[in-house]
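The values are calculated or read from the model by the stated rules, or taken from the named source; none is laboratory data. Fair warning: this is a prediction, and the values are worked out from it, not measured in the lab. All Cβ positions, glycine included, derive from the backbone under ideal geometry; neighbour counts span all protein chains shown.
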Amino acid sequence: MFRGHRARGWNDLVWIAGLVLAGAPALAAADLDRGKAIYQDRCEICHGAGGRGDGPTGRVLPTRPSDYTSAAFWRGRKDAELLDIIRQGKGLMPKWEGGLSDAEIRDVYAYIKSAFKPE
Ligand code: HEC
């Protein structure tokens with residue numbers, strides 16, 4: 001759709017409806033390898049290699065990042081809410097909008113979910 005091919009009817013409509021409902025690019029289309037590379041490069045120092053919020057910088061912050069391996073963290077959280085925090089920042093969490101593209105933000109978030117979120 002946005003990569004230069006022409007609209008193909010229902011497929012595109014369904015995809016666009018999904019985008020509107022999710023408020024974000026579809027996570028299913030995320031590139032997890034790229035997400036992992038971004039995580040290691042930009043997030044791990046605070047969020048930790050295992051996603052527990054215990055990276056070398058994260059563990060000395062007065063407000064620590066959450067533990068992504070905890071089921072309690074994910075309970076009731078919405079993708080759109082967490083994607084917004086990545087875009088806009090929050091407290092000591094830097095804002096990534098402008099530094100990362102929306103697709104990169106989708107990829108790194110999809111990686112966090114797939115690597116750390118418990119079943
Ligand atoms: C300088 C340290 C630092 C870096 C680098 C950092 N974060 Fe955070 N992040 C935080 C802190 C601290 C919070 C908790 C903010 C709060 O609730 O006050 C947070 C919160 C978050 C949250 C909301 C859920 C939570 O943990 O409370 C997400 C999602 C997140 N970060 C993703 C990322 C991603 C993705 C990257 C890399 C692109 C990243 N962060 C880089 C420090 C960091």
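Among the residues of the range 41-55, the one identified as over 19 Å from Ile105 (Cβ atoms) and among the hydrophobic types (A, V, I, L, M, F, W, C) is Ala49. Considering the conditions (1) touching a helix residue (DSSP H, G or I) at 6+ places or on another chain (Cβ under 7 Å); (2) more than 8 Å from the ligand (Cβ to nearest atom), Arg59 is excluded by exactly one of them, (1).
Each row is one residue, and each column tells you yes or no for (1) of a type in the set (Gly, Ala, Ser); (2) surrounded by 12 or more Cβ atoms within 10 Å (Cβ to Cβ); (3) modelled with pLDDT under 95; (4) not in a loop (DSSP other than H, G, I, E, B).
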{"position": "Gly53", "(1), (2), (3), (4)": "yes, yes, no, no"}
{"position": "Tyr68", "(1), (2), (3), (4)": "no, yes, no, no"}
{"position": "Phe73", "(1), (2), (3), (4)": "no, yes, no, yes"}
{"position": "Glu81", "(1), (2), (3), (4)": "no, no, no, yes"}
{"position": "Arg87", "(1), (2), (3), (4)": "no, yes, no, yes"}
{"position": "Lys95", "(1), (2), (3), (4)": "no, yes, no, no"}
{"position": "Ala103", "(1), (2), (3), (4)": "yes, yes, no, yes"}
{"position": "Arg106", "(1), (2), (3), (4)": "no, yes, no, yes"}
{"position": "Ala115", "(1), (2), (3), (4)": "yes, yes, no, yes"}
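Going by what's in this entry, would Glu81 be described as more than 6 Å from the ligand (Cβ to nearest atom) and closer than 21 Å to Ala26 by Cα? Answer is yes for this residue. State yes or no: is Leu32 near the ligand (Cβ under 8 Å from one of its atoms), at pLDDT 95 or above and not small (Gly, Ala, Ser)? Considered against the rule, which asks whether it is near the ligand (Cβ under 8 Å from one of its atoms), at pLDDT 95 or above and not small (Gly, Ala, Ser), Leu32 comes out as no.
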